[in-house]
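Peer 1: Got a structure for you, written out below as structure tokens; questions coming shortly.
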Amino acid sequence: MSQTDVKRLARVFHALSNPNRLQLFLNLIDESRLDLAKGRVHDCFLAQLLGNLNVGAPTVSHHVKELADAGLIETQRDGKQLVCSVKPEVMDELRAMFATAR
């Protein structure tokens, strides 16, 4: 693994080291599990995720930004809604890394 890959993965793991961000990311994965298995991107509105965490909207928005900055998710605006999706290539990279780390 190159030094660039190691630095990128360190940023990913740093983003996931916060319990609320990890829970948010896991919720996004749960929301999109079937679509990811079929190779499709699943969109999830931020409003759907708010009910699963015991934090306010500004905090969730901050965590979404951190996950996006780490390259774990993509976000886009749909009117006043923020749409989030897990990046399938990141999931593939994490699976491959853990599979080779036996």
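Bear in mind that the values in this text are calculations on the coordinates, not laboratory data. Everything numeric in this text was worked out from a predicted model, so none of it was measured. So basically every Cβ, Gly included, is an ideal-geometry build from the backbone, and we count neighbours across all protein chains shown.
Peer 1: Can you give me the distance in nm between label points at Asn18 and Val55, each placed 7 Å from the Cα along the Cα-to-Cβ direction?
Peer 2: 0.5 nm
Peer 1: Pulled fully out, how much extra length does the chain show between Val6 and Arg95, if you take 0.36 nm times their separation in residues and subtract their Cα-Cα distance?
Peer 2: Here the answer is 30.5 nm.
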